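A.B. asks: There's a structure below that I have some questions on.
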Amino acid sequence: MRLENKVALITGSARGMGRAAAELFAREGASIILTDIAEQEGVETAQSIQAAGGKALFVPANVARAADVQHLVETGVSTFGAIDILYNNAGIMPAADTSVIETSEETWDHIMDVNLKSTFLCCKYTLPYMQQQKGGSIINISSMVVFLGSTVPQEAYGVSKSGLLALTKSLAVQYGPMGIRCNAICPGPINTGLLDHLWTSEEERNRRLQRIPLGRFGLINDIIYFALYLASDESSWTTGTWMTIDGGISSNYF
């Protein structure tokens, strides 16, 4: 198993891509610390992993709050003894995120809190334990939108995800000498509920699909199996970089 004897903290892991990653990592031998604001679904995910023979702990938390994150990390370490993998998956893309003129300050701040500040806080409280262990892998989920402008504005989302790439590089340089790696994944449009508000009609869905050279939207497995590689020792000489997994959309000029 690729993650045997490792402990993984995965944010936003009650549903969708986070849950799928938690279940995959557990099958590969990791003990999983799950966290989300969706408590019932988080508990159900932990129970599902345990029923399949894995080890999992659910700790409800708002990862944009320092006290919640500190409690989350301390609880995870006291239960499993370490955190080897930090998978910063939590993120939002609300319909209220539009143009600079139309987006409210409240919406802007909320997106920054969930998408960017949460990663800062999770790294802040997890890194001391990784330093003690002299090793670890941090995986940040960014987005391919950081490389492109869009006629459909989502300004706060793009800025928050751009910030994650800067943080990824900085952490890789600072903590690499201690055996800690930090990388990012930049997904394209994935078939999850996060994007439902963008596909309001079949015409709009097809318009977006035409931009993808591989001719389909992404699947959750397209992302989480690359995350598995980054979490494992197979990527022991990979840090400070990112992989764009978008079916080729960011290479399409027209």
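The values are calculated or read from the model by the stated rules, or taken from the named source; none is laboratory data. If you're wondering where the values come from, they're calculated on a predicted model, not measured in any experiment. Heads up, the Cβs are rebuilt from the backbone with ideal geometry, glycines too, and the neighbour counts pull from every protein chain shown.
A.B. asks: Here's a check for you: in the range 234-254, which residue that is part of a loop (DSSP other than H, G, I, E, B) and within 20 Å of the chain's Cα centre (by Cα) is farthest from Ile138 (Cα to Cα)? Don't jump to the end; show me each part of the working.
C.D. replies: If we filter the range 234-254 for residues that are part of a loop (DSSP other than H, G, I, E, B), which is where we start, we get 236-241, 246-248, 252-254.
When the remaining residues are screened for being within 20 Å of the chain's Cα centre (by Cα), the result is 236, 238-241, 246-247.
Details: Ser236: 12, Thr238: 11, Thr239: 9, Gly240: 10, Thr241: 11, Asp246: 21, Gly247: 24 Å.
Only one residue tops the list, namely Gly247.
A.B. asks: Looking at the range 70-102 only, could you name the residues that are within 17 Å of Val114 (Cα to Cα), out of contact with any strand residue (DSSP E or B) (no Cβ under 9 Å at 6 or more places or on another chain) and outside any loop (DSSP other than H, G, I, E, B)?
C.D. replies: Gln70
A.B. asks: Filter the range 151-172 down to the residues that are buried (at least 19 other Cβ atoms within 10 Å of the Cβ) and among the hydroxyl-bearing types (Ser, Thr, Tyr), then identify the one that is modelled with the lowest pLDDT.
C.D. replies: Tyr157
A.B. asks: It is to be established whether one or more residues within the range 64-71 are of a type in the set (Asp, Glu) and farther than 16 Å from Ile141 by Cβ.
C.D. replies: yes
A.B. asks: Give, as residue ranges, the helices (runs of 4 or more DSSP H) completely inside the range 128-233 that count at least 2 residues that are out of contact with any Phe, Trp or Tyr (no Cβ under 7 Å at 6 or more places or on another chain), closer than 21 Å to Val63 by Cβ and of a type in the set (Gly, Ala, Ser).
C.D. replies: So the answer is 155-175.
A.B. asks: Looking at Ala67 and the list (1) of a type in the set (A, V, I, L, M, F, W, C); (2) outside any loop (DSSP other than H, G, I, E, B); (3) in contact (Cβ under 8 Å) with a residue 40 or more places away in the chain, which single condition is not satisfied?
C.D. replies: If we test Ala67 against (1) of a type in the set (A, V, I, L, M, F, W, C); (2) outside any loop (DSSP other than H, G, I, E, B); (3) in contact (Cβ under 8 Å) with a residue 40 or more places away in the chain, just (3) comes out false.
A.B. asks: So, one more: Quick one: how many residues across the range 122-140 are aliphatic (A, V, I, L, M), touching a helix residue (DSSP H, G or I) at 6+ places or on another chain (Cβ under 7 Å) and either without any contact (Cβ under 8 Å) to a residue 40 or more places away in the chain or crowded, with 23+ Cβ neighbours inside 10 Å (or both)?
C.D. replies: Adding up the residues that qualify gives 2.
A.B. asks: Also, I was wondering about something else. Suppose we keep only residues that are crowded, with 17+ Cβ neighbours inside 10 Å and among the polar types (S, T, N, Q) within the range 236-249. Which one would you say is farthest from Gly18 (Cα to Cα)?
C.D. replies: Residue satisfying both the conditions and the ranking: Thr239.
A.B. asks: Another question about this same structure. Could you check, for the range 176-197, whether at least one of its residues is free of Cβ contacts under 8 Å to residues at least 40 places away in the same chain and small (Gly, Ala, Ser)?
C.D. replies: Scanning the range 176-197, I find no residue that is free of Cβ contacts under 8 Å to residues at least 40 places away in the same chain and small (Gly, Ala, Ser), so the answer is no.
A.B. asks: Tell me the strands (runs of 3 or more DSSP E) entirely within the range 1-61 that contain at least 2 residues that are within 17 Å of Ile223 (Cα to Cα) and of a type outside the set (Gly, Ala, Ser).
C.D. replies: Numbers: elements: 7-11, 31-35, 55-58.
Per the criteria, 7-11.
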